[in-house]
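Peer 1: Got a structure for you, written out below as structure tokens; questions coming shortly.
Each reported figure results from applying straightforward, stated rules to the coordinates on display, with no laboratory input. Being a predicted model, the structure only gives us computed values, none of them experimental. We place every Cβ from the backbone using ideal geometry, glycine too, and count neighbours over all the protein chains shown.
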Amino acid sequence: MSSSVAESHKAALLLFSGGQDSATCLAWALDRFERVETVGFSYGQRHVVEMECRIHLREGIKRLNPQWQQRCGEDHVLDLSVLGALSQTALTGQAEKIFEKDGLPNTFVPARNLIFLTFASALAYRRDIRHIIGGMCETDYSGYPDCRDDTIKALQVALNLGMDRRFVVHTPLMWRDKAATWQLADSLGGQPLVELINHESHSCYLGERTHRHEWGYGCGHCPACELRRSGWDRYQALQGAQERRKE
């Protein structure tokens, strides 16, 4: 195996938004790969505050573990403003959060994850990186079809055929609900990581960061906030049960 190929097996590129899921995935990646680069996307999202949060999260996670500090590589930000111009959804505009007739919420940005992973793979190709990591999940999610396991697996095949590479797309949260995601963060970095993600990550679709709840900042009413709150409550209940068993 050539040194370049060997290096590509040790490196990963993480889709890093600044939210709870991608922050947990960053810790997961830093625990497994020798070099982890991150990529964020600016696409005119209504919750653009996440782009600022991702900077603080990256630095905070690096400081939690000397090994993570050493392994955390370059950060990239790609301008995909054309995606926002095309979609005009509640996630990129000022529309109310309502469910459409086909069952999909109008926070669904058509093809977003497909485009993100395609651009990430193009970047990974240039960076000699084989492993691509995303926080997609179909256990606790808003019903977006581009978060489903079948979609991600099909796209991996297309990317490999289209670029003649052997990319591996990892989705460590695919079968975890939000409570299990908090538990994963706990297992990776203990309460310091949980507290960092709680305080610094952003999930709220409205970009609301003026009011902090027990589960973090947000409006408390959008689908992302509802998922995050219910997951935090279940995680806290599980933590309480574990403490009682120790007594």
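Peer 1: Tell me the volume per residue, in Å³, of the convex hull enclosing the alpha carbons of region 3-246. Write out the running numbers ahead of the final one.
Peer 2: Details: hull volume 31.2 nm³, N = 244.
Per residue, the Cα convex hull of region 3-246 comes to 128 Å³.
Peer 1: With r as the distance between the Cβ atoms of Q191 and V77 and R0 = 22 Å, compute the FRET efficiency 1/(1 + (r/R0)^6) and round to 0.05. Walk me through the numbers before you get to the answer.
Peer 2: Values: r = 30 Å, r/R0 = 1.37.
It comes out at approximately 0.15.
Peer 1: Determine, from the Cβ-Cβ distance of H221 and H199 and an R0 of 30 Å, the FRET efficiency 1/(1 + (r/R0)^6), rounded to the nearest 0.05.
Peer 2: Numbers: r = 21 Å, r/R0 = 0.68.
In this case the efficiency is close to 0.90.
Peer 1: Let me ask something else about it. So, R0 is 22 Å and r is the distance between the beta-carbons of L114 and D164; what FRET efficiency does that work out to, to 0.05?
Peer 2: Details: r = 19 Å, r/R0 = 0.88.
It comes out at approximately 0.70.
Peer 1: Given points 7 Å out from each Cα along the Cα-Cβ axis, report the R63 to S230 separation in nanometres with one decimal.
Peer 2: Rounded to a tenth, the inter-label distance reads 3.5 nm.
Peer 1: How many Lys pairs in region 3-246 lie less than 29 angstrom apart by Cα atoms, where the lysines are 8 or more positions apart or on different chains?
Peer 2: 9
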